[in-house]
Amino acid sequence: MPRGVIQEAYDSSLRVIRALFASGGTVPFSAPEACGQYDLHSAPSAVELIEAASGLNGAAGLSTWSDTVETGTCELYVCDLHLVKPRLPGRRDQRMLDPLGGHYISQAIEAEAWHFLPGARQGALTTGNFGCSTGEYLMVGNVSGDERSSSLTDAHVAILRMLIELAAYEGTDRVRQAAADDARFALSHAERHSPEAWGALG
């Protein structure tokens, strides 16, 4: 995609978001059912960050790098993957994913989980973790051309297989230990709340 198109889309989205927050608009995902850190969202802080990181206050704009991966997909699904249940209102004691462990899980899923997809191609499953402590933003490419539900189940199973691998870690690296503990925690949620994907593990 041409850099100019990306630049314009990026700048336009920041202008829209800044205007929304500056006028008192509600921050998305700032409810318990949407984000593990729902009560840490701040519209004023978001405006400050947007102005500091964008060209909206005269600073440098988007800095990009590019890479090309041929995924062979015919559709792209953008999902919100909850690995654990979001924190209930006022329940600061409820366990969430470890921030660093959660990021490690996100990176591992993006790097390796696509191997478990039917007709696997690199880039067919990508993630983004922004510290919500419940899971990932997930993009799934439909490689097979099957129905959406089938493609998403395949992706869910691939992620569960990745979590099983992460959960088996027994080394001394503290971040990987946290990721392994979180992977076991997430698998226990999947077993209880995602019977279709759990059953498809075989």
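The table below gives the values:
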read-out	value
Test result for Val84, touching a His at 6+ places or on another chain (Cβ under 9 Å), at pLDDT 85 or above and farther than 17 Å from Phe29 by Cβ	no
Residue that is nearest to Leu88 (Cα to Cα) [pool: residues in segment 1-54 that are outside any helix (DSSP H, G or I) and among the hydroxyl-bearing types (Ser, Thr, Tyr)]	Ser30
Among the residues listed as Asp67, Asp93, the single one being among the acidic types (Asp, Glu), modelled with pLDDT of 75 or more and either surrounded by fewer than 16 Cβ atoms within 10 Å (Cβ to Cβ) or in contact with a helix residue (DSSP H, G or I) (Cβ under 6 Å, 6 or more places away or on another chain) (or both)	Asp93
Qualifying residues in segment 1-52 (those that are in contact with a Cys (Cβ under 7 Å, 6 or more places away or on another chain) and open to solvent by less than 60 Å² (accessible area, probe 1.4 Å)) - the one modelled with the lowest pLDDT	Gly36
Given (1) open to solvent by 50 Å² or more (accessible area, probe 1.4 Å); (2) of a type in the set (A, V, I, L, M, F, W, C); (3) closer than 19 Å to Asp182 by Cβ; (4) at pLDDT below 90, index of the condition Ala111 fails	(4)
Those residues of segment 150-173 which are in contact with a Leu (Cβ under 9 Å, 6 or more places away or on another chain), open to solvent by 40 Å² or more (accessible area, probe 1.4 Å) and under 12 Å from Ala108 (Cβ atoms), in sequence order	Arg161, Ile164
Exclusive hit being part of a loop (DSSP other than H, G, I, E, B), farther than 25 Å from Glu196 by Cβ and at pLDDT 90 or above, set Gly171, Gly101	Gly171
Search result, residues across segment 174-202 that are open to solvent by 40 Å² or more (accessible area, probe 1.4 Å) and part of a loop (DSSP other than H, G, I, E, B)	Ala200, Gly202
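The values are calculated or read from the model by the stated rules, or taken from the named source; none is laboratory data. Please read all numbers here as calculations on a predicted model, not as lab measurements. Note that we place each Cβ from the backbone using ideal geometry, even for glycine, and neighbour counts take in every protein chain shown. Please note that ligands, DNA and RNA were not included when accessible areas were found on the heavy atoms of the full protein model with its side chains. Shrake-Rupley method; radii C 1.70, N 1.55, O 1.52, S 1.80 Å.
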